[in-house]
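Only one structure is covered here, and it is reproduced in the block below.
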Amino acid sequence: MFAFFRSLIFSPVIQHNNLIMAGKKTRNESTFSQLKKQEKDIRKQIIVDAAEKLFSSKPFHEVSMRDIAKEAGISASAIYRHFPDQKSLFLESFSRGTIQLKNEFDAMLAREKKLSINVFAERFIEYFTEKDQYFRMMINFFLEGPVEPEMFQKLSDIERALLSQFDEVLMRMGITKNVRYYSHALFAALTGIVAIFRSTPDKSYTQIMLHRKRIARIFSSLLKSAAEK
């Protein structure tokens, strides 16, 4: 009888304590999972940073997964837990940079109905001057020659996304025919300006930037003239 009454008294307490312990265990497991995810994200970020550095200094086919792993300070086998090959790493690195620029352009287009082509062109030049590693990766891709069709398609998708923003700016200027040709011309001109007018021994960074923007304004005025005809 005593055992019966004791079970009536203590069973709810035991069940309550068990529930508390189970709740603590669940929270601990959740916290541990979050920490593991954060650790994985940080390691992935380190790998992408290392890939950017190498891909900006060498052509794609000259950069191996082992090179990237060494730069990132991890084992060659560990890098494959995050990326299957250098192709996926190049796409991850390059898209990270171009998405930043695309988001900036989206904000500019949304904010200003009559966005000046000069402002647009100057921001392109500023961005790829400040983020030189992405510009070098882009140039290496252009100069590298044929790549696998799947990779070429994904990189082309990135390029087309930027060109669509060029299209929008030019259409707002009044260009309605052959807009994509004008976008290609503008993209090629701005890329050439950043590539050609780089570091010069007798010029400061500020002087180089001013010169680049001056050349860009000249080309922009030619596009404006074409739009008015």
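Summary of computed values
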| item | result |
| --- | --- |
| Qualifying residues in the stretch 55-66 (those that are in contact with a helix residue (DSSP H, G or I) (Cβ under 6 Å, 6 or more places away or on another chain) and in contact (Cβ under 8 Å) with a residue 12 or more places away in the chain) - the one farthest from ARG43 (Cα to Cα) | PRO59 |
| Matching entry among HIS61, HIS82 (being in contact with a Lys or Arg (Cβ under 7 Å, 6 or more places away or on another chain) and modelled with pLDDT under 90) | HIS82 |
| Residues that are of a type in the set (A, V, I, L, M) and under 24 Å from THR129 (Cα atoms), drawn from the stretch 73-109 | LEU89, LEU91, ILE99, LEU101, ALA107, MET108, LEU109 |
| Any pair with Cβ under 6 angstrom, 6 or more apart, that starts in the stretch 127-140 at a residue that is in contact (Cβ under 8 Å) with a residue 60 or more places away in the chain and ends at one that is surrounded by 18 or more Cβ atoms within 10 Å (Cβ to Cβ) and of a type in the set (Asp, Glu) | GLN133/GLU52 |
| Neighbours by Cβ (under 8 Å, 6+ apart or cross-chain): first from the stretch 78-89, of a type in the set (A, V, I, L, M); second not in a helix (DSSP H, G or I) | LEU89/PHE83 |
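So that you can scan it fast, the table gives a plain yes or no per residue for (1) loosely packed, with under 14 Cβ neighbours inside 10 Å; (2) within 29 Å of GLN207 (Cβ to Cβ); (3) assigned by TED's automatic domain parsing to the domain that holds ALA50; (4) among the aliphatic types (A, V, I, L, M):
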position	(1), (2), (3), (4)
LYS114	yes, no, no, no
PHE120	no, yes, no, no
ARG136	no, yes, no, no
ILE139	no, yes, no, yes
MET151	no, no, no, yes
ILE158	no, no, no, yes
ALA161	no, no, no, yes
ASP167	no, no, no, no
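Residue-wise test of (1) hydrophobic (A, V, I, L, M, F, W, C); (2) closer than 21 Å to GLY174 by Cα; (3) in contact with a helix residue (DSSP H, G or I) (Cβ under 7 Å, 6 or more places away or on another chain).
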{"residue": "GLN86", "(1), (2), (3)": "no, no, yes"}
{"residue": "SER93", "(1), (2), (3)": "no, no, yes"}
{"residue": "PHE105", "(1), (2), (3)": "yes, yes, yes"}
{"residue": "LEU115", "(1), (2), (3)": "yes, yes, yes"}
{"residue": "VAL119", "(1), (2), (3)": "yes, yes, no"}
{"residue": "THR129", "(1), (2), (3)": "no, no, yes"}
{"residue": "GLN133", "(1), (2), (3)": "no, no, yes"}
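The values are calculated or read from the model by the stated rules, or taken from the named source; none is laboratory data. Just so we're clear, the structure is a prediction, and the values are computed from it rather than from any experiment. All Cβ positions, glycine included, derive from the backbone under ideal geometry; neighbour counts span all protein chains shown.
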